[in-house]
Each structure stands twice: as structure tokens, then as C-alpha cells.
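The values are calculated or read from the model by the stated rules, or taken from the named source; none is laboratory data. These figures come from a predicted structure and were not determined experimentally. Quick reminder, even Gly has a Cβ in these numbers, built from the backbone with ideal geometry, and neighbours come from all protein chains shown. Just the protein is used for accessible areas: all its heavy atoms, side chains included, with ligands, DNA and RNA removed. Shrake-Rupley method; radii C 1.70, N 1.55, O 1.52, S 1.80 Å.
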Amino acid sequence: MEITALKGIGEKTAKLFGRLGIAKAEDLLRYYPRDYEQFQPPVPIAEAPVGEKTAIRGIVIGNMTVKQVRSLQILNAAVQDATGTVQITFFNMPYLKSTLKKGVFHIFRGQLQKQGNRLVMEQPAIYKPEVYAGMENRLLPRYILTKGLSNQAVTKAVNQAFACCASSEEFLPESVVGDFRFMTHMDAVRTMHFPTDRESLVLARKRLVFEEFFLFILMLRRMKADNHELPNFYRMTETAETVRLLDSLPYQLTGAQKRVWEEIKSDLSGDTVMSRLIQGDVGSGKTILAFLSLIMCAKNGCQGAMMAPTEVLAKQHYESLLELKEQYGLQVHPVLLTGSTTAKDRKLIYAQIADGGADIVIGTHALIQEKVCYHKLALVITDEQHRFGVRQREILAEKGNAVHVLVMSATPIPRTLAIILYGDLHISVLDELPADRLPIKNCVVGTSYRNTAYRFLEKEVHEGRQAYVICPMVEAGEMEELEDVLSYTDKLKAALSPSVRIAALHGKMRPAEKNRIMEEFAAHRIDILVSTTVIEVGINVPNASVMMVENAERFGLAQLHQLRGRVGRGEYQSYCIFVSTSESRTTMERLKILNESGDGFYIAGQDLKLRGPGELFGVRQSGMMKFELGDVFADAPILQQASEAADRILLEDPAFERVENSALLRVLEKSEAFASDFRSI
């Protein structure tokens, strides 16, 4: 059913829902809340907790001032009750000067901060006391929004969707539902949107996370069954070219790199096709191993292809390989194929790939287009492989006959989880960094440090360096208390010198625009890039020396470590500033683990220990296992349970012939038809 069939949703509103990926009424049922508002009773200002979201009841006193700072209008006012005073600040909301009446009681709800001796609340929500009283102690859903669409409008639409689209069919086998005492699927979906209490919410989420993992693992097992046992039609031997390159490099491979290179050579020359995952932190040396593999493949008379998640990264890989070719006289013929390759060049490259003139092909999803015909494809490498759908990897591999597959990831997944998620792959771990790497200097700070951080950013820029600032949201209104890229870009432009070149980047931009901005940053035509976590992979800028992460407490430690890996890639000392809006001891201790270690696998292990299933409200991880609800770190126990249940079903009924598995088979086949939507692995 089209979303316009719902009452109150015309073409204009439907376009706004479309920006959120919602086209049909059924989509609303899967558009789960990002968070839930629990409206606690207002507290006296003197008792309000600093660093936490709180509500105060007070009146505006004195004069409200509006100050223009370049493109930003900043309104300041003082709110008072019988116990104290808070300064409230609003950005680009000058109209409040006339609508916020002095001497009238309002409820102000927001994050309370201390700046010097003053209490400050930025951009609080404002309620009439009688309205707020009707909301107290309720658990209300909050959805990620887009400009022009209110939370109330989404909530109303979801309610209507339940009335006309809800299906009662249960697809998990009875044995699974019984073993885990799950509520029904539809009860879980309804509870996710409209929970009566936190306990029922946790149970509903567990059911839905389980089925996400369960379906994903079943699909993966079915798609990749027995691939690792295929005979090796492309037996390769080590060539003089790779030996000479290794002898000529100005650095020695680490012990871990040498070990993994031996494993790759053994696979390529073995009896069965290679299916190997290389896990290693940023900077551990995965790329040189990929290049060695491609060169070995080419010098054995075959073709190798390497697929990167972004055009910028594909181009960087291509240029790095060309540099090696020219510097060391390598007799290989690489080509670059991306979405922006011109029609004229594309035609020429297609011909070179088809006749074998190009023996190494580097690119993006363009490598798997129908028109690309390979002469003798024997090796497929996917970089930052969790960015590609299962089916996308399959399509590339199917361009050849039983090709070798090498996948690489900088995401440090603990081995217990990696075995579940990559059961079809042999796992290699690069657990050493080159000795000449300068360790990144880290600090975990509260929001009161922000102005000091801005001065530091400006200093680094004036010294010729570049910086990233990460915000969890794209635009204002998605989640009120979290920083968003668009507003933050304006704030930063107002706070820093006009000579500092600042740009915004986020996932809602058109691909061409994202590529343009990343290329400009890589070319140092942008000094500070304000971005969501889309930069977690896909860009390599050795000149970037500062990573500043806002709302750091809302990210998992493993993802913060991934973000930190964007800096420290060059010769300059690099820094990472984690800004937390919560200064609770638990939060600060958790974030300080990043100070203690630069080992991604240790940090991932700590993440497993510290984040539990009860922690529902983290920021969606962009690069790591993009499920609707599940998080492989926070939900590791559920992942383990889903894996065991999936293996049991496959053992007992591999063809899904039993009646009790018929509904599961229908859902599974529907999921497999859209397997490329699983961008997570």
C-alpha cells in the first residue's frame, strides 16, 4: 500500500517520508524509533544534574539578546526559579524573542552544562506546563526526522500503518520461539514503536534483533555453502616480480604481514579456491598485501580485480599501484573503472579487460556491471568488505569461474564473532603496526572544552594540517540533543577564522557530491570536514592530523577506534578529541579505554564487555554490520544464539521441507531476492 493511502499524507508529505526511505505504508512498521523520550518531572535549578538531559520550570527574566555572528543568529536569555538561574541559548531562532513571554512559566528541557560559574542550556525544547504534565513518566517514541516532518506526524502515520498493514503470520519455527520464549513478531514490532515500559521494550528488541541475525546467518550459509571446497583452477606460483618488489621496498614487512602473505601464497597455489578474510587495524598494511596478490595473479597470466567502497579510495589505490609500477618497473597493466569514468574511456577499458590487455582492474561497483567481461578473472579482492552486499561480492566472483576471493576489513571483530559472521572464510589477523608509526594522542573531554578544541583546530590548520569533526546526525530535528552536521558546520564557521575552509559531508548527499567533497578534502582544498560517520572508510588523507568526535558517548568503542584511524596516517603528530555530553563516571571511564590502547582487537573486546543488550540507544554504526536494530558488539550474546539456532535448522532440515519451516523459507527467499540490500558484509 502506497503511503499516500494513509489519511493526511499527500504528495508533498510523501516526498518527505521518501527522504527517510519510506515509500509504502508497510515501510513504516520497520521504521523503528531512534530513541524514546521519558519525560521526568521538572527539578529545581539548584538540584538539576549537570551533563544530563533534564527539565526545569522557570520564567524568563531580564532582556533577551540576539547577536549576529556571520551566518548565525544567537539568542541568549536568562531563566530563573526560586533556587537559581540558567542561561539559555538558541541558534537561528530569533523569533523566540517575541514569542517567549517574560514572567510566564515555561518548562525548558535540554542538556544542562556548566561554563565557569554559570549554568547553560543550549537549544532546549520549550513546553507549556500543562502540556508537559500530560507527557510526564510516559515512554514516547522518537524517530529520526527530516526537515519539514515532525515526530508527531511520523507517530500518527505508524499508528495508521498498524491498522491496515499488520500481518499476523509467524515465520520463526515454533521450536525457536518456544526455546527463547519470544513474543510474536507483530507484538514485538508494535512494542518497539509503542512500549508500555522499558522491560517489554528490551524483550521486543531482543526478538527483532534475533530474527535479523537469524535470517542473515541462514542467508549467508545458503549462499556460500561449500564455496571453500571448490577446486583451484588457477594454481599460482610465486613470481620473481613479487620477490623483487619485497626486496626493493624501503621498509620491511611486519611479522604479521609476512605470516599473512605466506597464507595467501599457500591458498593461491593450493588444491582449493582461496576464501580468506584479512582483518587488521588501519595502517597495519593490508593494501600492500592486496597489491602483492594482484601482481602475483597478473604474472601468472590471469586477471585480478579489486573493488573499493568509494571512488576516492579506488582512485587512491590505483594511483598507489601506478606509483609502485613506475618506481620498481613492475610489468603489470592496471586500469581504473568507476562510475565517473567517461563513456569514451569506459569503452576502451572494457575492451582491455575483455582481451586481457588489462591484467589488474581497480574500481567500485562499476566492476560488476553487465557490460564488464573479463578475459581470465582469477582473483577478486574487496576492500572494506562490509560495505558490499553479499550478492555484490557474489556477482563480482561470478565474473570468473571459481575465482579466488580475498576480503579485507579494518573493523576489528573479535574472533568469536568473526567465525559466526564469516564462517565461509579463513581468517587472517594483522595484529602488528609498523614500528615507525607515531601513536595518536587522545583526550576525553566535556562540552566546556569545546572552545579550547576550536582554537586547537585553528592552530593545526594554520600549520598546514587538516581535521575531521564527526557529528552523529545529519540535520537538526533528527535527534534534538545530538549534534548534527549542518548546524555544526554553521557554528564552526562562526567560531573560526573566515580563512579556514570548512565543508559538510553526509550520507544523504548525492554520490557525485560526496565524491567531489572527499576529493577536495584529499586535495587539501578543504581544511576541516564536518561529517557523519560516512568517512569511517573510503578516504585516506595523510595530512589530516585531528579527529574530533561530538557526542562520543553515543558510539561504541570499536567505532570510535575506527574513526580515530582516519588520522595518524602521515608523518605528523595526530590527535583525537572525544567530546562527551555526559560527564558521568561510567561514561568517562568507558571512553578512557581509548586512551589506554591503540589495539583495535583489545578495544573491540572491551566493547563487548561494556556494552550490553540493555544499551539500546547508541548511534547507528555506518561501517559495521548495518542491521536495522542489531549491533554485533552490544548484541553479541543474541548473535551467538541466532547462529546456533540457524545451524540447528540447517542440520535438521537443510532444504526447508518441513511444514513448520515453510513460512521461514518464504521470508528467506524474499530476503535473498534483495540480498544486495544487506550492505553489511
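Structure above, values below:
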item	result
Breaking point among (1) open to solvent by less than 70 Å² (accessible area, probe 1.4 Å); (2) touching a residue at least 12 places away in the same chain (Cβ under 8 Å); (3) part of a helix (DSSP H, G or I); (4) over 30 Å from A494 (Cα atoms), for Y31	(3)
Given (1) in contact (Cβ under 8 Å) with a residue 40 or more places away in the chain; (2) closer than 23 Å to G283 by Cβ; (3) open to solvent by 10 Å² or more (accessible area, probe 1.4 Å); (4) in a loop (DSSP other than H, G, I, E, B), number of the condition H561 does not satisfy	(4)
Within segment 508-547, tally of residues that are part of a loop (DSSP other than H, G, I, E, B), over 24 Å from M306 (Cβ atoms) and either among the β-branched types (V, I, T) or open to solvent by 20 Å² or more (accessible area, probe 1.4 Å) (or both)	8
Residue pairs meeting the criteria (Cβ under 7 Å; at least 6 apart or on separate chains; first free of Cβ contacts under 8 Å to residues at least 40 places away in the same chain, in segment 86-103; second surrounded by fewer than 17 Cβ atoms within 10 Å (Cβ to Cβ) and in a helix (DSSP H, G or I))	F90/L96
Filter result for the condition that a residue is out of contact with any strand residue (DSSP E or B) (no Cβ under 6 Å at 6 or more places or on another chain) and among the hydrophobic types (A, V, I, L, M, F, W, C), over I56, I22	I22
Counted residues, segment 37-55 - those being assigned to a loop (DSSP other than H, G, I, E, B) and charged (D, E, K, R)	1
Tally, over segment 571-597, of residues that are buried (at least 16 other Cβ atoms within 10 Å of the Cβ), outside any helix (DSSP H, G or I) and either free of Cβ contacts under 8 Å to residues at least 60 places away in the same chain or out of contact with any Lys or Arg (no Cβ under 8 Å at 6 or more places or on another chain) (or both)	6
Members of segment 260-308 found to be of a type outside the set (A, V, I, L, M) and in contact with a Phe, Trp or Tyr (Cβ under 7 Å, 6 or more places away or on another chain), listed by number	C302, Q303
Hits in segment 154-179 - residues which are under 30 Å from M509 (Cβ atoms) and either among the β-branched types (V, I, T) or open to solvent by 40 Å² or more (accessible area, probe 1.4 Å) (or both)	V154, T155, K156, V158
Hits in segment 132-171 (condition: in contact (Cβ under 8 Å) with a residue 40 or more places away in the chain, assigned to a helix (DSSP H, G or I) and among the polar types (S, T, N, Q))	Q160
Unmet requirement for Y36, which otherwise passes all of (1) aromatic (F, W, Y); (2) free of Cβ contacts under 8 Å to residues at least 60 places away in the same chain; (3) touching a strand residue (DSSP E or B) at 6+ places or on another chain (Cβ under 6 Å)	(2)
Residue pairs meeting the criteria (Cβ under 9 Å; at least 6 apart or on separate chains; first on the phi > 0 side of the Ramachandran plot, in segment 461-475; second open to solvent by 10 Å² or more (accessible area, probe 1.4 Å))	G464/H524; G464/N543; G464/Y572
Restricting segment 62-117 to residues that are aliphatic (A, V, I, L, M) and farther than 20 Å from I45 by Cβ, the residue that is least open to solvent (accessible area, probe 1.4 Å)	L72
L294 being in a helix (DSSP H, G or I), open to solvent by less than 20 Å² (accessible area, probe 1.4 Å) and either within 14 Å of M236 (Cβ to Cβ) or acidic (D, E) (or both)	yes
Single condition F182 does not satisfy, out of (1) open to solvent by 10 Å² or more (accessible area, probe 1.4 Å); (2) part of a helix (DSSP H, G or I); (3) hydrophobic (A, V, I, L, M, F, W, C)	(2)
Options L203, L215, L245, L253; residue that is more than 30 Å from Y143 (Cβ to Cβ) and within 33 Å of the chain's Cα centre (by Cα)	L253
Failed criterion for M1 (all others in (1) surrounded by 13 or more Cβ atoms within 10 Å (Cβ to Cβ); (2) touching a helix residue (DSSP H, G or I) at 6+ places or on another chain (Cβ under 7 Å) hold)	(1)
Test: residue in segment 484-498 that is aliphatic (A, V, I, L, M) and closer than 19 Å to L145 by Cα	yes
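To keep it simple, each residue is scored yes or no on (1) under 30 Å from E398 (Cα atoms); (2) acidic (D, E); (3) in contact with a strand residue (DSSP E or B) (Cβ under 9 Å, 6 or more places away or on another chain).
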residue: I144; (1), (2), (3): no, no, yes
residue: A153; (1), (2), (3): no, no, no
residue: L172; (1), (2), (3): no, no, no
residue: F180; (1), (2), (3): no, no, no
residue: M186; (1), (2), (3): no, no, no
residue: R190; (1), (2), (3): no, no, no
residue: E199; (1), (2), (3): no, yes, no
residue: L245; (1), (2), (3): no, no, no
